[in-house]
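*Asks:* For reference, the structure I am asking about is given below.
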Amino acid sequence: MAVTPVVLALSRSGEATAHRVAKLIGAKVHGRADRVDAADAFFPNALDHARDLFAAGVPVVGVCASGILIRAVAPLLADKTSEPPVVSVSDDGSVVVPLLGGHRGANRLAAQIAQGLGATAAVTTAGDVATGVALDAPPAGYRLMNPEHAKSAMATMLAGGGVRVTGENIFDIADTGGAVELHIGDAPMQGGDERLIYHPQRFALGVGCARNADPEDLWSLVQDTLKAANIAPGAIACVASIDLKADERAMNILAARLGVPFRLFNAEELEAQASRLANPSDVVFAEVGCHGVSEGAALACGGDLVVEKHKNATATCALTRSDAPITKMPGRARGRLSVVGIGPGQASWRTPEVSRLVAEAEELVGYGLYIDLLGPLAVGKTRSDFPLGGEEARCRYALEQAALGKNVALVCSGDAGIYAMGALVFELLDRGPHEQGVSDAAHRVEVVCSPGVSALQGAAARAGAPLGHDFCTISLSDLLTPRDDIIRRLHAAAEGDFVIAFYNPVSKTRRTLLAEARDILLQHRPVDTPVMLASNLGRPEEDVRYRRLDQLEVDEVDMLTVVLVGSSNSRLAELGEGPRMFTPRGYARKIDGDLAKGHG
């Protein structure tokens, strides 16, 4: 499990058990508000919160009835190979039930909790019940190379076929000399329905390459080197190199193809291995500050050099072997900055991808209110709060923290790419060395952008369908955009008859542009054009109201309000649930035209 589990306490009767479980597995306790006295974080609705954690890929241990967790996650069930573990524990701690993810750590987690509580682990997975092991979930540091055959192998064993072990007995299972072979070794071998191949991940692969090397060149070199050494790709624990290559595409693709972490060391750390290098190079030292990259990186991961530097025209590689599988990764990761939009704030409008990126992050950076809106999902993480107006400092800090090898999430409301921090992150990365940009290391981090529900979309959904035809957005803040540019865009949008969403409509000091915008629009569209004012969208204090364009008043708008102005074709109609605003796309005209042509 890559993400630390969360323990849910739903009642006072199970509160003590929840804290015992959390201590056993090193987790935080999230408690149901008003029903639990002590917790690291509180949530208002158990079903919503469990569902949000599950969607984010967070393992969930609920001290509650199993049915509560089942009802919570049932709508999200799709792929058992990727879903996180879900475990229920009875309030008195006597029974532990792995509900989902038995072969992704839930059975082991349940066994760990049961042992610590002196409880019964109610494991129902057939293989675990019959043999005490899950063949597709080997111990840490071992990799099953043909998981597609695990089901048929287990079926043969359950039918009385028995098992035989070749190599290390990693499951501590009785060898009956049966039909199913469990083979554990470093060398490549063909698996099948009655042969499961497990590789101890004892090897570290050090690599170097020319800048912008063809990924296929490096991949071919590694494949040829492994084949010559009779080492299976599955026996590789990690790919390693110098930190100057953190963003090297060929290396990142290599690690992804092998399905292992990409680890980095600085020149000083690699030079500490100089006395152990088989092929030291003064040329390499003059270029990057150490006498060997591929051999040095492999040695920095531990173990002894078993394959000296191999090379082709653009790349090098070397291998070390440790006595035991490598389970604690050496070096540091390539830093990642996730630029995420959390929507208006409510969990139900936050995308699962954003929730997952937040759950995986070590540090959260953003305006404090936005981080607060994440609620329990932010608990236990380092957070760096910045005030409004500190946008550039916020983005620069996030990039530089990621440059240290951290997994950082830059938290924005709405969509991070719409009037938010996404553009500023890339602007800082694009600046030259003398333009107050960011460090060289920050340029090598991975930047991931994930969309969120924008205020524009939220307002439109509440209204009905005002964006049914062409629309635009205009920010009325002249802090970053010259006032003359805003006026020019207002005239263009008015003449183009776009539906318009106004962002940043007013502030305490900016009170005139919204009135000017209204007057410009009145020159081009009817006085009764519908206008929607939507404040605090998706929050308990949400307020939606409608006005005619000629009755739009500045004083009823604030910075938390989105102003949606319809086009000349937009309508406001009473339709069952109340007023609904929509903009026809022209289907009626098309149907009338088809009928006139005899196509009805």
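*Asks:* Place +1 on the Cβ of every Lys and Arg and -1 on the Cβ of every Asp and Glu in the chain, take the dipole about the Cα centre, and give the residue among Leu244, Pro188, Ala347 whose Cα lies farthest towards its positive end.
*Replies:* Value: Ala347.
*Asks:* Quote the Stokes-Einstein diffusion coefficient, in whole µm² s⁻¹, for the stretch 346-453, based on the Kirkwood radius over alpha carbon pairs, a temperature of 10 °C and a viscosity of 1.306 mPa s.
*Replies:* The diffusion coefficient I find is 113 µm²/s.
*Asks:* So, with +1 on the Cβ of K and R and -1 on the Cβ of D and E, and no other charges, what is the size of the charge dipole of the chain about its Cα centre, to the nearest 20 debye?
*Replies:* That gives a dipole near 740 debye.
*Asks:* Net charge near Pro44, counting Lys/Arg +1 and Asp/Glu -1 over other residues with Cβ under 14 Å of its Cβ?
*Replies:* Residues close to Pro44 contribute a combined charge of +1.
*Asks:* Which loop trypsin sites (Lys or Arg not before Pro) in the stretch 27-101, with loop taken from DSSP, have no more than 11 other Cβ atoms within 10 angstrom of their Cβ?
*Replies:* Passing sites in the stretch 27-101 are Lys80.
*Asks:* Could you tell me what a quarter of the Cα convex hull surface of the stretch 158-296 works out to, in nm² with one decimal place?
*Replies:* Projected over every direction and averaged, the Cα hull of the stretch 158-296 covers 10.2 nm².
*Asks:* In debye, nearest 20, what is the charge dipole magnitude of the stretch 456-582 about its Cα centre with +1 on Lys and Arg Cβ and -1 on Asp and Glu Cβ, if you could check?
*Replies:* Using only the charged Cβ atoms, the result is roughly 120 debye.
*Asks:* Which of the residue pairs Lys23/Lys406; Lys28/Lys80; Lys80/Lys406; Lys328/Lys381; Lys23/Lys245; Lys245/Lys328 have a Cα-Cα distance greater than 31 Å in the structure shown?
*Replies:* Flagged as over cut-off: Lys23/Lys245.
*Asks:* In degrees from 0 to 90, rounded to the nearest 10, what is the angle of the helix 513-522 Cα long axis to the longest principal axis of the chain?
*Replies:* 60 degrees
*Asks:* Let me ask something else. Normalised by the number of residues in the chain, what is the relative contact order in percent for Cα pairs under 8 Å and 6+ residues apart?
*Replies:* Relative CO of the chain lands at 8 percent.
*Asks:* Counting only GluC sites (Glu not before Pro) that are in a DSSP loop and have at most 10 other C-beta atoms within 10 Å, tell me the longest site-free stretch of the chain.
*Replies:* Value returned for the longest uninterrupted segment is 1-434.
*Asks:* Hey, another quick one. Could you tell me the calculated FRET efficiency between Phe426 and Asp470, based on Cβ-Cβ distance and R0 = 30 angstrom, to the nearest 0.05?
*Replies:* Efficiency, rounded to the nearest 0.05: 0.65.
*Asks:* Still on this model: Rounded to the nearest 0.05, what FRET efficiency is calculated for His443 and Lys227 with R0 set to 25 Å and r the Cβ-Cβ distance?
*Replies:* After rounding, the FRET efficiency stands at 0.10.
*Asks:* Does anyone have the angle between helix 106-117 and the longest principal axis of the chain? Alpha-carbon axes, 0 to 90°, nearest 10?
*Replies:* That works out to roughly 80 degrees.
*Asks:* Here's another thing I want to ask about it. I'm spelling it out carefully: the read-out is Rg/Rh (Cα atoms, Kirkwood Rh), the candidates are (i) 1.13; (ii) 0.96; (iii) 1.05, and one was derived from this structure. Which label?
*Replies:* For Rg/Rh (Cα atoms, Kirkwood Rh), the calculated option is (iii).
*Asks:* Are there trypsin sites (Lys or Arg not before Pro) in the stretch 326-419 that DSSP marks as loop and that have at most 13 other Cβ atoms within 10 Å, and which are they?
*Replies:* Sparse-neighbourhood loop trypsin sites (Lys or Arg not before Pro): Lys328.
*Asks:* So if I place +1 on the C-beta of Lys and Arg and -1 on the C-beta of Asp and Glu, and nothing else carries charge, what would the dipole magnitude of the stretch 203-332 be about its Cα centre? I want it in debye, nearest 20.
*Replies:* Once rounded to the nearest 20, the dipole reads 360 debye.
*Asks:* Mind checking which of Phe498, Ile520, Thr583 is farthest towards the positive end of the chain's charge dipole, using Cβ charges of +1 (Lys, Arg) and -1 (Asp, Glu) about the Cα centre?
*Replies:* About the Cα centre, the residue reaching furthest to the positive side is Thr583.
*Asks:* In the stretch 127-222, which trypsin sites (Lys or Arg not before Pro) are in a loop and have at most 12 other Cβ atoms within 10 Å, using DSSP for the loop call?
*Replies:* Hits after loop and neighbour filter: Arg211.
*Asks:* What's the long-distance tail for the stretch 133-192, i.e. % of Cα pairs beyond 18 Å?
*Replies:* 27 percent
*Asks:* Based on DSSP H runs of at least 4 residues, each adding -39500 (n - 2.57), what is the mean residue ellipticity at 222 nm of the chain after dividing by all its residues, to the nearest 500 deg cm²/dmol?
*Replies:* Mean residue ellipticity at 222 nm (helix-derived): -8500 deg cm²/dmol.
*Asks:* Report the full-extension gain for the segment Ser477 to Glu308: residue separation times 0.36 nm, less the Cα-Cα distance, to one decimal in nm.
*Replies:* 54.7 nm
*Asks:* For the stretch 482-496 and the stretch 504-518, compute the distance between their C-alpha centroids and round to whole Å.
*Replies:* If you average the Cα positions of each part, the centres end up 14 Å apart.
*Asks:* In addition: On a full-extension model of 0.36 nm per residue, what is the gain between Ser568 and Ile520, subtracting their alpha-carbon distance, rounded to one decimal in nm?
*Replies:* That pair, Ser568 and Ile520, stretches by 15.9 nm at full extension.
*Asks:* Quick one: helix 483-496 against the long Cα principal axis of the chain, what's the angle to the nearest 10°, folded into 0 to 90?
*Replies:* Helix 483-496 sits roughly 80 degrees off the main axis of the chain.
*Asks:* Residues in the stretch 385-418, backbone N under 20 Å from the label point at Ser507 (7 Å along the Cα-to-beta-carbon vector): list them, ranges by number please.
*Replies:* 385-396, 411-418
No lab work stands behind these numbers, since they all come straight from the coordinates. Keep in mind it's a predicted model, so treat the numbers as computed, not measured. Glycine gets a Cβ as well: all are built from the backbone with ideal geometry, and neighbour counts include every protein chain shown.
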